[in-house]
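Written out below as structure tokens is the structure these notes cover.
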Amino acid sequence: MVKKNLHSLFIALLLIISLASIFIALLIGSRTLAVDEIFKNFLQPQQSTQALIIQLRMERALAAFSTGGLLALAGALMQVLVRNPLADPYILGISGGASVAALLAILLGLPLISLTATAFVGALTAMLLVFILSRGLGNRHWNPTRLLLTGVVLAAGWGAVISFILTFSPNNKLHSMLFWLMGDLSYNHSPASSFIILFVALIAALFLARSLNVLIRGEQFAQTLGVSTQNLQWKLLLLASLCTAAAVTQAGSIGFIGLIVPHLIRLTGIHDHRILLPASVLCGGSLLTLADTLSRSMFSPIQIPVGIVTALIGIPVFLFLLQRSEAHR
């Protein structure tokens, strides 16, 4: 009972942090607004420059939050799927596959509504390649170490394909494509679809949470307890691909969110996926929202891609987590 109350308090705290991160995003930018201006606009909406600024910042903050939540959820699911804490869409090349498919769609002039579906096909293709190649000949089970190394190699391969596409891209599209690849939210003003995907994916993942608690301890252990591991793995494969595709479509390739956020949640002692999954979504959303606020205000009026900021944050955090895990062995 005490543990359940602590978990509820932790989720409540993350909700408060999430709301605070969005509120900070509304306040800070090339022009800093006062707190009373924000509340006045919400209580009495009006047509003014301030109202327009708040509306644009709100749309971008919500897009950042949903993207961060999608990446954190995809990372948490993939870490269970491969039973390796180093797994995330960026490192395993899933983001690369989605990016290649999305870039081809942009280059061919396909409508924006088809980008998510195209990126989903690319993400699913990349993930299937990782799992098929990592099995090797005659192996029925995935080797987590081999799978991770295969993903890293394929990620480099997707990077080469992306460079090839950019080489033959017209000049009028090249700058926006490069900026988007580094992680960019400046052109996104419709976060509703990504929030719907995030909500559906989180609910579906929560239905699988009890089975995930068993699968994380090993495939054979899960089978002895009656879990259909092959069926569960396919569901995780589809969910992680969908989350990655939606995130890549909205903001390009952003690294480290899916890697470090589930780690940070586990450091608090939470390993139950019924709590870890929603906590990862809230924490990932808050982290990317704050990172995006920093990216557009740090060198204002120049905006830098948010992917640069997440890398600068993620690298030292990851090294810290790596050193900490080595120290506890």
Checking Leu26 against (1) at pLDDT below 75; (2) within 16 Å of Leu290 (Cα to Cα), only one condition comes out false. Which one?
(1)
Scan segment 167-181 residue by residue and report those that are touching a residue at least 24 places away in the same chain (Cβ under 8 Å) and assigned to a helix (DSSP H, G or I).
Lys173, Met177, Phe179, Trp180, Leu181
Taking Ser286, is it at pLDDT below 95, of a type in the set (Ser, Thr, Tyr), under 17 Å from the mean Cα position of the chain (by Cα) and within 15 Å of Ala72 (Cα to Cα)?
no
List every residue pair whose Cβ atoms sit under 7 Å apart, with the two residues 6 or more apart in sequence or on different chains, where the first one lies in segment 50-65 and is β-branched (Val, Ile, Thr) and assigned to a helix (DSSP H, G or I) and the second, anywhere, is surrounded by fewer than 23 Cβ atoms within 10 Å (Cβ to Cβ) and at pLDDT 90 or above.
none
List pairs: first residue in segment 70-86 and farther than 18 Å from Thr116 by Cβ, second residue part of a loop (DSSP other than H, G, I, E, B) and of a type outside the set (S, T, N, Q) anywhere in the structure, Cβ distance under 6 angstrom, at least six positions apart or on different chains.
Gly75/Asp88; Met78/Ala87; Gln79/Pro85; Gln79/Ala87; Val80/Ile216
Among Phe195, Phe168, Phe179, the single one that is of a type in the set (A, V, I, L, M, F, W, C) and modelled with pLDDT under 80 is Phe179
From the list Gly307, Gly258, exactly one residue is under 24 Å from Leu81 (Cα atoms), buried (at least 23 other Cβ atoms within 10 Å of the Cβ) and touching a residue at least 12 places away in the same chain (Cβ under 8 Å). Which is it?
Gly258
Can you find, within segment 102-132, the residue that is nearest to Lys173 (Cα to Cα) among those that are crowded, with 23+ Cβ neighbours inside 10 Å and hydrophobic (A, V, I, L, M, F, W, C)?
Leu103
Looking at (1) in contact with a Phe, Trp or Tyr (Cβ under 7 Å, 6 or more places away or on another chain); (2) within 15 Å of Ile197 (Cβ to Cβ); (3) aliphatic (A, V, I, L, M), can you tell me which one Ala119 breaks?
(1)
Which residues, taken from segment 167-213, are in contact with a Lys or Arg (Cβ under 7 Å, 6 or more places away or on another chain) and surrounded by 21 or more Cβ atoms within 10 Å (Cβ to Cβ)?
Leu185
Only one of Gly314, Gly252 is in contact with a helix residue (DSSP H, G or I) (Cβ under 9 Å, 6 or more places away or on another chain) and at positive phi. Can you tell me which?
Gly252
From the list Pro316, Pro278, which residue is under 19 Å from the mean Cα position of the chain (by Cα) and under 13 Å from Ala74 (Cα atoms)?
Pro278
Give the residue that is surrounded by the most Cβ atoms within 10 Å (Cβ to Cβ), with candidates limited to residues of segment 265-300 that are touching a residue at least 24 places away in the same chain (Cβ under 8 Å) and hydroxyl-bearing (Ser, Thr, Tyr).
Ser280
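Would you be able to say whether some residue in segment 291-299 is outside any helix (DSSP H, G or I) and at pLDDT below 90?
Going residue by residue through segment 291-299, those that are outside any helix (DSSP H, G or I) are 298-299.
If we keep only those that are at pLDDT below 90 as well, we get 298-299.
Yes, the conditions are met somewhere in segment 291-299.
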When you scan segment 85-129, how many residues do you find that are more than 14 Å from the chain's Cα centre (by Cα) and outside any helix (DSSP H, G or I)?
6
Which one of these does Val281 not meet: (1) in contact with a helix residue (DSSP H, G or I) (Cβ under 6 Å, 6 or more places away or on another chain); (2) over 24 Å from Phe23 (Cβ atoms); (3) not hydroxyl-bearing (Ser, Thr, Tyr)?
(2)
Listed residues Ile275, Ile270; which is more than 27 Å from Ser190 (Cα to Cα) and in a helix (DSSP H, G or I)?
Ile275
Of the residues that sit in segment 218-233 and are in contact with a Leu (Cβ under 9 Å, 6 or more places away or on another chain) and without any contact (Cβ under 8 Å) to a residue 12 or more places away in the chain, which one is surrounded by the most Cβ atoms within 10 Å (Cβ to Cβ)?
Ala222
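The values are calculated or read from the model by the stated rules, or taken from the named source; none is laboratory data. What you see is a predicted model; the values in this text were computed from it and never measured. Cβ coordinates were reconstructed from backbone atoms using ideal geometry, including for glycine residues, and neighbour counts include every protein chain displayed.
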